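Okay, so here's the structure we're looking at.
The values are calculated or read from the model by the stated rules, or taken from the named source; none is laboratory data. What you see is a predicted model; the values in this text were computed from it and never measured. We place every Cβ from the backbone using ideal geometry, glycine too, and count neighbours over all the protein chains shown. Protein only, heavy atoms only, side chains kept; ligands, DNA and RNA dropped before computing areas. Shrake-Rupley method; radii C 1.70, N 1.55, O 1.52, S 1.80 Å.
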Amino acid sequence: MADFGYDISDYTGIDPLFGTMEEFDALVAAAHENDLKIILDLVPNHTSDPHPWFIQSRASRDNPKRDWYIWRDRRPEGGPPNNWLSEFGGSAWQYDDVTGQYYYHAFLAAQPDLNWRNPEVREAIYDVMRFWLGRGVDGFRVDVIWHLVKDAEFRDNPPNPHFVEGRPPNEQILTQYSTDQPEVHDVIAEMRRVIDEFDHRVLIGEIYLPLHRLIAYYGNDLAGAQMPFNFALLSTLWSARSIEKIIADYEGALPAGAWPNWVLGNHDRPRVASRVGREQARVAAMLLLTLRGTPTLYYGDEIGMHQVAIAADQVRDPFEKNVPGIGVGRDGCRTPMQWDATAGAGFSTARPWLPLANDYTHENLANLDADARSILSLYKALIALRRKLPQLVTGAYQPVAAQGDILLYRREGEGNGVVVALNLGAQPVSVASNSIGIGREILLSTFLDRQGEQVEGTLDLRGNEGVILGRSAQAG
């Protein structure tokens with residue numbers, strides 16, 4: 001093992017899912033043999049408090065690793081150094097009796113933030129990245145990347161004039177000085193240079209920011225993250241015009257040459273099937289897999305998993321434990337994957353960390369895989385069509401004017417195109433031929449029952465139905 005000036009195993013522990021390093025290497029090799037990619041979740045903003053780095057940092061004020069974390073004196077009048085709040089409730093500062101200073105934690109007190117203004121910290125994390133890239137991983141999804149750098153003067157954050165009682169308490173202040181600092185883009189450019197030391201690797205950033213700030217994370221000359229996550233679909237009003245505007249704004253704001261991406265579900269937001277309803281979940285699947293860019297699918301959404309109600313004695317999410325009673329808990333979207341109808345849903349033979357959904361004995365991958373018209377079969381059909389039609393991957397996005405609950409757009413490429421028509425309402429609607437073109441054929445319906453149907457004059461859509469139209473030779 002290379003000499004990094006510290007034990008790299010401090011930061012590269014193997015999850016029990018993978019077992020030994022040899023088993024991990026075998027997993028990567030098997031993935032690549034099957035043309036699959038392995039993306040690791042990198043959490044460089046903070047460590048745990050029993051991490052060897054932090055144990056040293058809190059040992060004394062003159063410890064060599066003291067400045068690896070963010071330590072500050074109390075205010076002259078007493079109390080935390082400033083008014084910054086933890087994402088999970090309460091002050092973001094924890095007093096340490098041993099050394100008489102506070103350390104900063106954007107999340108839990110057990111998750112102290114690293115000091116990314118310290119060059120030694122940066123190099124330590126970059127060496128961790130090189131370690132895994134050298135073992136063949138294809139890139140990283142970088143957790144809370146917009147949090148990495150904090151204001152050098154630790155100024156108080158301003159109050160949020162739009163705060164509403166009943167919302168999470170951390171929203172009482174704006175994170176003007178504790179997140180999204182200008183210097184963070186220098187850090188991300190350095191991360192990207194590490195990625196570029198290896199061929200065909202990717203840097204993805206988890207970023208919850210408004211669009212005009214999000215796109216800055218592509219970096220000058222696209223030298224930042226290749227894919228700053230676009231979470232717009234997670235919180236939008238589920239209506240044709242709202243989504244149409246989100247797509248237009250995003251496409252219009254992207255820097256020249258930037259590659260877009262779309263996220264339909266993740267570990268922080270309620271399940272898509274619960275957000276938009278089971279019927280619209282199929283329409284959402286077609287939307288995700290026909291927009292320009294890389295689609296990101298959260299586990300279980302492909303089988304229509306819904307938000308699970310979590311009883312008070314089953315809560316695991318520290319956010320809900322710290323701020324109970326206002327609905328911030330995320331456990332409901334993190335329940336075990338429903339593989340089959342066996343005990344534990346095929347996820348585990350032990351009692352799982354979170355409860356299973358009540359419907360897992362019939363709403364599971366094994367059952368839905370055997371159903372030719374299930375939502376799982378729809379996802380498979382959409383992925384297969386993307387592979388057959390390059391315009392669905394690299395083609396241009398062209399909006400088509402529509403009204404009511406209809407969302408229409410074309411994907412044009414290589415001298416050919418397809419039309420996507422989505423009914424985001426529950427009532428049947430018709431689309432005129434001048435919107436979709438004459439002589440079109442349905443290549444795929446969200447109901448999986450109209451492939452090959454010729455469309456002349458008007459396209460009739462059932463409630464909660466989406467279709468992809470093209471010419472028969474395209475899907476052949």
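The table below gives the values:
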read-out	value
Crossing angle, helix 184-195 versus the chain [Cα axis fit, 0-90 degrees, rounded to tens]	70
Helical mean residue ellipticity (222 nm; -39500 (n - 2.57) per DSSP H run of 4+; nearest 500) of the chain	-6500 deg cm²/dmol
Residues of segment 252-395: accessible area per residue with a 1.4 Å probe, Å²	44
Acute angle (nearest 10 degrees) that the helix 119-134 long axis makes with the longest principal axis of the chain, alpha-carbon atoms	40
Value of D in µm² per second that Stokes-Einstein yields for segment 402-470, Kirkwood Rh from Cα pairs, at 25 °C (0.890 mPa s)	206
For a label point 7 Å along the Cα-to-beta-carbon line of LYS245, residues of segment 201-216 with backbone N under 18 Å	210-213
Extension gain from ARG373 to ARG74, taking 0.36 nm per residue of separation minus the Cα-Cα distance	101.4 nm
Euclidean distance between Cα centres, segment 192-240 to segment 326-380, Å	30
Positive dipole terminus of the chain, leading residue within ALA256, SER86, SER239 (C-beta point charges)	SER239
Additional length obtainable on full extension of the chain from ALA152 to GLU123, 0.36 nm per residue less Cα span	8.5 nm
Local electrostatic count, THR99, Cβ distance below 11 Å [Lys/Arg +1, Asp/Glu -1]	-1
Cα long-axis angle, helix 21-33 against the chain (0 to 90 degrees, to the nearest 10)	30
Separation in nanometres of the label points that stand 7 Å from Cα toward Cβ, at TRP238 and ILE383	2.2
Dipole axis of the chain (+1 Lys, Arg; -1 Asp, Glu on Cβ), positive-most option in TRP116, THR446, TYR177	THR446
Separation in nanometres of the label points that stand 7 Å from Cα toward Cβ, at ALA366 and PHE163	5.1
Accessible area of the chain belonging to carbon and sulfur atoms, whole % at 1.4 Å probe	52
Calculated FRET efficiency for the pair GLN403/ALA110, C-beta based, R₀ 45 Å, to 0.05	0.30
Length-normalised contact order of the chain in % [C-alpha pairs under 8 Å, at least 6 apart]	9
Segment 173-229 - Rg and Dmax from Cα coordinates, angstrom	11.8, 42
Contact order relative to length of segment 59-109, as percent, for alpha carbon pairs under 8 angstrom and 6 or more apart	35
Other-chain or far-sequence residues with amide H under 5 Å of ASP96's (modelled H)	GLN101, TYR102, TYR103
Volume of the Cα convex hull of the chain, divided per residue and given in Å³	172
